[in-house]
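The next block holds one structure in the form of structure tokens; read it before the comments.
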There are 2 protein chains.
Amino acid sequence: MIYLDNAATSYPKPDIVHNEMLRCMREYCANPGRGGHILSNKAGDSVMRVREIISRFFNFDNPLNLCFTKNATEAINIALKGFLKHGDHVITTAMEHNSVLRPLKTMERDDGIELTILRGDRYGRINPEAFRSAVRENTRLIVCTLSSNVNGVIMPVKEIGNVAREQGIAFLVDVSQGAGSIAIDVEDMKIDMLAFPGHKGLLGPQGTGGLYVREGLILKPMTQGGTGSNSENVFQPDFMPDLLESGTINTPGIVGLGCGIDFIDTFGIENLRLYKHMLVQRLHGRLKDIPGVILYSIDDINENSGIVAINIGQLDSNEVSYTLDRKFGIAVRAGLHCSPFAHETLGTLGRGIVRFSIGCFNTFEEIDLAAAAVADIAASCRTY
Amino acid sequence: MIYLDNAATSYPKPDIVHNEMLRCMREYCANPGRGGHILSNKAGDSVMRVREIISRFFNFDNPLNLCFTKNATEAINIALKGFLKHGDHVITTAMEHNSVLRPLKTMERDDGIELTILRGDRYGRINPEAFRSAVRENTRLIVCTLSSNVNGVIMPVKEIGNVAREQGIAFLVDVSQGAGSIAIDVEDMKIDMLAFPGHKGLLGPQGTGGLYVREGLILKPMTQGGTGSNSENVFQPDFMPDLLESGTINTPGIVGLGCGIDFIDTFGIENLRLYKHMLVQRLHGRLKDIPGVILYSIDDINENSGIVAINIGQLDSNEVSYTLDRKFGIAVRAGLHCSPFAHETLGTLGRGIVRFSIGCFNTFEEIDLAAAAVADIAASCRTY
């Protein structure tokens with residue numbers, strides 16, 4: 001099987017991820033920071049170590065300014081619902097995933113926030129100046145994806161961060177696509193809140209993710225519950241991460257995520273970016289010469305986080321992915337990718353796209369086989 | 001090491017839990033229900049199988065009426081925030097965990113809900129008729145724990161369910177303590193919403209939990225995001241489980257949880273209850289004869305879910321647990337247990353309690369060693 005659905009969940013993971021999760025579960029998986037006994041201390045220390053790994057990875061000083069979540073969607077919801085108030089104006093982009101769009105559209109409908117959704121060019125690219133032009137008196141937040149989950153297009157996050165900081169507007173970035181192969185520095189990029197999943201480019205397991213919140217920014221928590229701290233108080237503690245982290249966290253998952261990031265650090269994130277891009281370039285190059293193939297992704301390392309999105313002739317994208325899976329053993333994702341305005345931008349709202357999303361364990365041979373499979377399907381399809 | 005902190009996280013787990021999680025992660029851990037390729041289908045089928053296991057275990061017909069969460073705290077918050085509206089009155093008990101109390105107190109403060117907290121006798125026991133007496137015209141919800149996380153006292157959930165159903169009030173039960181050794185039947189107990197963690201008595205891993213919602217009860221979702229369904233719609237789908245389940249779920253964790261429940265089913269939940277109670281009885285019996293030991297738990301299988309809570313003389317509970325850990329290698333939890341009104345009820349708000357919480361892998365020998373350790377500490381303490 002050739003797995004090219006890494007934008008959904010990266011697969012496989014480095015062996016160390018599974019092995020350390022297993023060791024955690026077998027040897028010390030008590031409640032981190034709750035018991036005070038040797039196992040809960042060990043679990044707590046392991047979680048703290050991963051907070052430190054992540055704070056170094058994204059370059060923030062205080063590892064406690066990170067709350068762990070079950071995925072990026074939860075992190076984004078915590079940020080939006082904890083930060084925004086009635087009457088606030090938010091600027092975002094048409095390339096966002098439904099994890100951003102759905103909470104924002106719901107808050108627009110129900111909670112009196114105002115929303116501007118910036119549209120890009122035919123690849124979804126947006127000029128940072130468009131953000132400046134969209135600023136109103138009541139603009140309190142800019143929300144932007146690091147790169148699109150549909151076609152991989154990278155947003156000018158650093159430039160947008162400059163606009164936000166200049167205008168005194170908070171900046172939330174969803175790094176679901178790109179974290180793990182694009183270096184992210186919350187200081188340099190002037191990011192106030194950063195939402196990430198553990199199970200994609202960071203090579204951790206499903207069930208992990210997190211939200212970084214800049215020191216001094218106090219969100220209203222979306223959930224309340226036991227924190228192991230201030231137990232006598234029937235209200236949530238006001239300090240991080242307890243403010244946003246209620247109930248038992250996923251210790252083995254977090255341990256696995258730490259190993260995933262360690263692996264990236266060892267490999268070198270820039271090496272990983274270059275390697276992934278060689279594969280993107282190769283696939284893009286092969287596909288662009290196949291008659292009938294329509295390409296929606298850009299072949300430039302600075303504008304693509306690792307996705308090649310296509311259609312073939314007039315074929316429905318699901319039909320193509322079905323054939324890739326059953327006839328060629330190639331796993332991709334087709335249809336609509338939880339990002340309706342991105343599909344509008346690309347002109348693919350009707351039939352969706354076929355998405356090849358590349359991971360660091362893919363090989364040149366796999367890319368060539370995938371390209372040959374597309375050529376085969378295109379050749380047997382007479383609709384273009 | 002003797003582990004007696006199972007009310008926090010059960011430890012160890014059956015081997016099959018780790019092994020199947022590992023197999024899932026190694027062999028098929030793609031996005032369940034997202035890709036359409038062979039791996040995502042396999043992941044989706046595995047998750048569906050666990051929905052079915054859980055629906056049988058708690059006796060509800062439609063496995064889709066379950067949303068998976070990261071822990072019970074999230075499930076309780078989804079239920080409370082999704083169900084309650086401004087002006088609603090809620091009845092709950094003083095034996096609730098902060099996972100229930102904190103969201104309710106916050107909603108009382110911020111969202112205009114009214115709250116009645118019923119106090120019990122010196123063990124926390126509450127007469128079901130007290131719920132009936134507390135009903136007001138605007139009472140819409142009764143929230144009750146299956147048993148206390150502080151002293152294990154079991155609530156008369158079936159009788160409370162009868163009161164709720166008679167009065168047309170919805171009934172939410174937090175089964176964090178007791179699920180896995182006390183048989184739960186949502187039909188028989190007239191439970192409308194059931195919140196559970198995976199990592200305690202159900203023997204699954206941390207990072208898992210769920211909320212059952214009775215057919216026809218539509219909650220307002222706490223989070224919105226990608227569901228892999230209705231992708232073109234910028235609002236959340238209105239059907240379960242997608243309504244309440246946004247973003248990638250924890251496939252390996254859910255697979256592990258399924259194995260934990262399978263293990264319980266194989267062992268027999270009633271056998272497990274009886275075995276655990278033999279250990280509770282033995283520990284209770286040994287401790288009650290030690291001079292200076294104050295017992296806060298009841299020695300009756302129908303009134304105790306598996307906890308023996310004590311103090312020794314005038315000693316601080318944390319001092320006792322520290323000695324148990326360092327000198328005797330016995331892991332318990334001390335202090336306040338995220339349940340302030342339960343401590344008020346038991347008269348232990350000042351120094352907390354030492355909690356021995358028993359799991360199905362504990363042995364008679366471990367119980368005897370724990371009792372001997374307490375006797376040693378009590379003998380060397382001259383404060384009583």
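Read-outs throughout are calculated quantities, based only on the coordinates presented, and are distinct from any laboratory measurement. Just so you know, these numbers come straight off a predicted model, no measurement behind them. Counting neighbours? That spans all protein chains shown, and the Cβs are built from the backbone with ideal geometry, glycine included.
Below is a table of values for the structure above.
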{"quantity": "Radius 10 Å from Cβ of B:C29, net charge of other residues (Lys, Arg +1; Asp, Glu -1)", "calculated": "+3"}
{"quantity": "For B:E27, inter-copy label distances in nm, listed shortest first [label point 7 Å out on the Cα-Cβ vector]", "calculated": "2.6"}
{"quantity": "Rounded to 10°, Cα long-axis angle of helix A:72-83 versus longest principal axis of chain A", "calculated": "50 degrees"}
{"quantity": "On Cα atoms only, tilt of B:269-288 relative to the major axis of chain B in degrees", "calculated": "30 degrees"}
{"quantity": "Three-way shape call for segment B:114-170 based on the alpha-carbon gyration tensor, with the a/c threshold at 1.5", "calculated": "prolate"}
{"quantity": "Sorted by Cβ neighbour density within 10 Å, fewest at the top, the residues A:V332, A:V320", "calculated": "A:V320, A:V332"}
{"quantity": "FRET efficiency, 1/(1 + (r/R0)^6) with R0 30 Å, evaluated for A:F235 and B:R132 via beta carbons", "calculated": "0.50"}
{"quantity": "Cα centroid separation - segment A:329-383 against segment B:288-312, whole Å", "calculated": "63 Å"}
{"quantity": "Cα centre as origin, Lys/Arg/Asp/Glu Cβ charges: chain B dipole, Debye", "calculated": "600 debye"}
{"quantity": "Point-to-point label distance, B:D45-B:D265, nm (Cα→Cβ direction, 7 Å offset)", "calculated": "1.7 nm"}
{"quantity": "Links that overshoot a 28 Å alpha carbon limit, given the list B:K200/B:K327; A:K42/B:K220; A:K70/B:K81; B:K105/B:K190; A:K200/B:K70; A:K13/A:K327", "calculated": "A:K42/B:K220"}
{"quantity": "Cβ neighbours within 10 Å from other chains - mean over B:67-74", "calculated": "6"}
{"quantity": "Sum of -39500 (n - 2.57) over DSSP H runs of 4+, divided by residues of chain B (222 nm, nearest 500)", "calculated": "-12500 deg cm²/dmol"}
{"quantity": "Test item: B:96-107 mean partner chain Cβ contacts at 10 Å", "calculated": "6"}
{"quantity": "Shortest-first distances to equivalent copies, position A:L217, nm, label 7 Å out along Cβ", "calculated": "3.6"}
{"quantity": "Shape of the protein assembly as shown, Cα gyration tensor, a/c cut at 1.5", "calculated": "prolate"}
{"quantity": "Chain B: most fluctuating residue of B:D174, B:D121, B:D300 per GNM, C-alpha cutoff 10 Å", "calculated": "B:D121"}
{"quantity": "Chain A: angle of helix A:98-110 to the longest principal axis, Cα-based, in degrees nearest 10", "calculated": "60 degrees"}
{"quantity": "Choice from B:T69, B:T323, B:T139 showing the highest fluctuation, given a GNM over chain B with Cα pairs closer than 10 Å", "calculated": "B:T323"}
{"quantity": "Distance-filtered residues of segment A:277-293 - backbone nitrogen under 17 Å, label point 7 angstrom along A:F364 Cα→Cβ", "calculated": "A:277-287"}
{"quantity": "Shielding by partners - mean other protein chain Cβ count within 10 Å, residues of A:6-14", "calculated": "5"}
{"quantity": "Gaussian network model of chain A, springs between alpha carbon atoms under 10 Å - residue of A:N149, A:N138, A:N71 with greatest fluctuation", "calculated": "A:N138"}
{"quantity": "Two-decimal Rg/Rh across chain B, once Rg and the Kirkwood Rh are taken from alpha-carbon atoms", "calculated": "0.99"}
